[in-house]
Amino acid sequence: MVKQRYMTIVLVLVALGGVRVSSEDGLSRLVDSALARAGQNADRLRKALNDVPREHQEGLRFLVAYMPKRDLQSISADFLLKNVRFAYQAWNEAPWNDRVPKEVFLNDVLPYASINERRDDWREDFQQRFKPLVAEAESPATAAVILNQKIFSRRAGGTPPVRIVV
């Protein structure tokens with residue numbers, strides 16, 4: 001009875017949290033399936049999978065496994081490798097990274113875009129501009145508050161935002 005209740009709670013949390021649970025064999029099957037759907041871009045994805053540093057392999061495999069078909073067929077190896085490198089760098093350098101579970105990193109930090117967002121090369125720019133703002137933050141929540149307060153008052157090139165008076 002307790003085991004059944006525990007499993008029910010785990011399944012509900014996984015469903016609500018969107019956390020993907022996958023064995024290594026399951027992830028390998030998902031990657032193979034993704035490469036089959038990648039068409040002519042499969043070689044570029046394989047290049048990325050072969051060139052990724054060992055410490056970033058899990059992340060890149062996760063991205064490829066769950067990548068939308070349009071990305072499977074168009075994303076370059078360089079784009080993926082750069083995004084994975086900067087995502088891991090941000091996670092590893094955050095003083096609170098031990099409070100960010102791997103599942104949260106994989107699902108919420110690592111992806112280069114949300115479903116309908118443009119596929120822009122944004123990570124390096126964001127790290128250069130916004131990392132200094134959160135350098136003293138003691139938690140992810142504090143960093144989020146700081147960014148929410150300050151990020152919207154900055155624009156590319158350092159110009160202040162336009163004020164609209166009604």
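The values are calculated or read from the model by the stated rules, or taken from the named source; none is laboratory data. Quick caveat: nothing in here was measured; it's all calculated off a predicted structure. Here the Cβ is made from the backbone with ideal geometry for all residues, glycine too, and neighbour counts use every protein chain on show. Accessible surface is based on the protein model in full, side chains and every heavy atom, while ligands, DNA and RNA are left aside. Shrake-Rupley method; radii C 1.70, N 1.55, O 1.52, S 1.80 Å.
Quick one: putting +1 on the C-beta of Lys and Arg, -1 on the C-beta of Asp and Glu, what dipole do you get for the stretch 63-104 around its Cα centre, in Debye to the nearest 20? The partial results should precede the final answer.
Details: 6 positive and 5 negative charges, 28 e Å.
Magnitude of the dipole: close to 140 debye.
Could you size up the charge dipole of the stretch 44-154 around its Cα centre, putting +1 on the beta carbon of Lys and Arg and -1 on that of Asp and Glu, and report it in debye to the nearest 20? Could you put the intermediate results ahead of the total?
Working: 18 positive and 16 negative charges, 87 e Å.
Result for the stretch 44-154 is approximately 420 debye, rounded to the nearest 20.
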Give me the 1.4 Å probe accessible area per residue for the stretch 31-132, excluding ligands and nucleic acids, in Å². 57 Å²
